[in-house]
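Single-structure report; data block below.
The values are calculated or read from the model by the stated rules, or taken from the named source; none is laboratory data. What you see is a predicted model, and the numbers here were worked out from it, not measured in a lab. Here the Cβ positions follow ideal geometry from the backbone for every residue, glycine too, while neighbour counts run over all protein chains shown. Heavy atoms of the whole protein, side chains included, go into the accessibility calculation; ligands, DNA and RNA do not. Shrake-Rupley method; radii C 1.70, N 1.55, O 1.52, S 1.80 Å.
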Amino acid sequence: MRKTRLYPLCLAALLLVLPACGNATPNEPTPGASTPPVSDNAAKGDGASEEPTAEWPRTFSHVMGDITLEEQPTRVFGPYVEDALLTLGVTPVLKWSLGDYVQDYLEGQLAEVPSADYSTGGPPLETVLEAAPDLIFLYSAGMGEEGRYEQLSKIAPTYVYDKASEDWQGTLSALGELLGKEDVAEAKIADYNQKVEEARSHLASVSDKTFAVVRVRPKDYVIMDGVNFSGKTLYDELKLTPHPMVKELAWDNFQPISLEKLPDLDADYIFYMVQGEASQGMAQELFDSPFWKGLPAVQNGQAYEVEVSHWLSSGYIANTAQVDDVMRLIAQQ
């Protein structure tokens, strides 16, 4: 049986010495490069077993230091990497949220998991303490800045993966090693890569066409970038051709676009997503505008609405759904 990590008196003591979490992370994920874990013990875990099969303790290096795990973690807090955790068969002790907004595509498995609200920068420290994680996994270095890494490290060993939004496979591999589930991670990655290979062959007929992704937010419209989330799926993995405006304006990070500039986005295909109820007014303004109605993709019936939840995420589950969407909407016309 797992030993209780924090008794009530310890919890109270930690709350006295740790300041309240302020802005724990930006409200939107931050792009960047990845850093895989380095273990001083290369023993492999079975991955499919509930019992620890790797040798413990194990030490790992990451972008903000080193951690040692005395035993195989079972209670993990990994904000915005819930996709990877579920892929490995692990239900997190808390789930990322932004106010009422959650990752809807995962709610079938996370509905009963308490939320860690990042709408004000991060959840109260008490929320993390009460969840009693034995591993905390941060998906970007930004999540550990301004003393937050040190605060969280007092609760549980905290591993920082530098900007997982660009590299979900590396994220899954890192978590697989941390959790002694390397075999599961490797199998899922191989399964996905095979799916992408098959999809590419079906998409050969649109190799000369251009693509773009537009997101409607409560106060503006943005062109999605080419290196994070669904952008990486479309342009790097599926090898679809980004519209020149994507390359020139928004390749490294999404950028706002005005209605008046929309006519320049004359891509053959447009995927668009509406970010929640608060964005419905902006969406209606977009759809009613002559700028939108005049786009070639719209006029040719090749502008497709997609689900923001998994198109603004990355991971085995999200990316599989993205590829399925593209195949359903484009390849099977």
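Overview of values
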| item | result |
| --- | --- |
| Cβ pairs under 8 Å, 6+ apart, first in the stretch 311-333 and at positive phi, second part of a loop (DSSP other than H, G, I, E, B) and surrounded by 24 or more Cβ atoms within 10 Å (Cβ to Cβ) | GLY315/VAL81 |
| Evaluation of GLU248 against (1) in a helix (DSSP H, G or I); (2) open to solvent by less than 10 Å² (accessible area, probe 1.4 Å); (3) without any contact (Cβ under 8 Å) to a residue 60 or more places away in the chain (one fails), failing number | (2) |
| Flag if THR127 is touching a Phe, Trp or Tyr at 6+ places or on another chain (Cβ under 7 Å), modelled with pLDDT of 95 or more and not acidic (Asp, Glu) | no |
| Leading residue by the ranking (farthest from ILE317 (Cα to Cα)) among those in the stretch 153-195 that are part of a loop (DSSP other than H, G, I, E, B) and of a type in the set (Asp, Glu) | ASP162 |
| Total residues in the stretch 206-236, condition in contact with a helix residue (DSSP H, G or I) (Cβ under 8 Å, 6 or more places away or on another chain) and either of a type in the set (A, V, I, L, M) or touching a residue at least 60 places away in the same chain (Cβ under 8 Å) (or both) | 21 |
| Residue in the stretch 251-262 that is most open to solvent (accessible area, probe 1.4 Å), counting only those that are under 22 Å from ASP167 (Cα atoms) and touching an Asp or Glu at 6+ places or on another chain (Cβ under 7 Å) | ASP252 |
| One residue from SER119, SER165, SER201 being within 21 Å of LEU94 (Cβ to Cβ), open to solvent by 30 Å² or more (accessible area, probe 1.4 Å) and of a type in the set (Gly, Ala, Ser) | SER119 |
| Positions within the stretch 204-245 being modelled with pLDDT of 95 or more, open to solvent by less than 40 Å² (accessible area, probe 1.4 Å) and β-branched (Val, Ile, Thr), in sequence order | VAL206, THR210, VAL213, VAL214, VAL216, VAL222, ILE223, THR233 |
| Close pairs from the stretch 282-299: first of a type in the set (Gly, Ala, Ser), partner part of a helix (DSSP H, G or I), Cβ under 7 Å, at least 6 apart | SER289/LEU259; GLY294/PRO263 |
| Selection count, the stretch 284-333, where residues are more than 24 Å from ALA185 (Cα to Cα) and surrounded by fewer than 19 Cβ atoms within 10 Å (Cβ to Cβ) | 23 |
| Residue within the stretch 263-274 that is more than 24 Å from VAL326 (Cα to Cα) and either among the acidic types (Asp, Glu) or open to solvent by 70 Å² or more (accessible area, probe 1.4 Å) (or both) present | no |
| Of residues in the stretch 90-116 being farther than 21 Å from MET143 by Cα and charged (D, E, K, R), the one most open to solvent (accessible area, probe 1.4 Å) | GLU112 |
| Total residues in the stretch 203-230, condition over 22 Å from MET327 (Cβ atoms), under 20 Å from the mean Cα position of the chain (by Cα) and in a strand (DSSP E or B) | 3 |
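For every residue, the table says whether it meets (1) out of contact with any strand residue (DSSP E or B) (no Cβ under 9 Å at 6 or more places or on another chain); (2) free of Cβ contacts under 8 Å to residues at least 40 places away in the same chain; (3) basic (Lys, Arg).
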{"position": "PRO157", "(1), (2), (3)": "no, no, no"}
{"position": "ASP162", "(1), (2), (3)": "no, no, no"}
{"position": "ASP167", "(1), (2), (3)": "yes, no, no"}
{"position": "THR171", "(1), (2), (3)": "no, no, no"}
{"position": "LEU175", "(1), (2), (3)": "no, no, no"}
{"position": "LYS181", "(1), (2), (3)": "yes, no, yes"}
{"position": "ALA185", "(1), (2), (3)": "yes, no, no"}
{"position": "LYS195", "(1), (2), (3)": "yes, no, yes"}
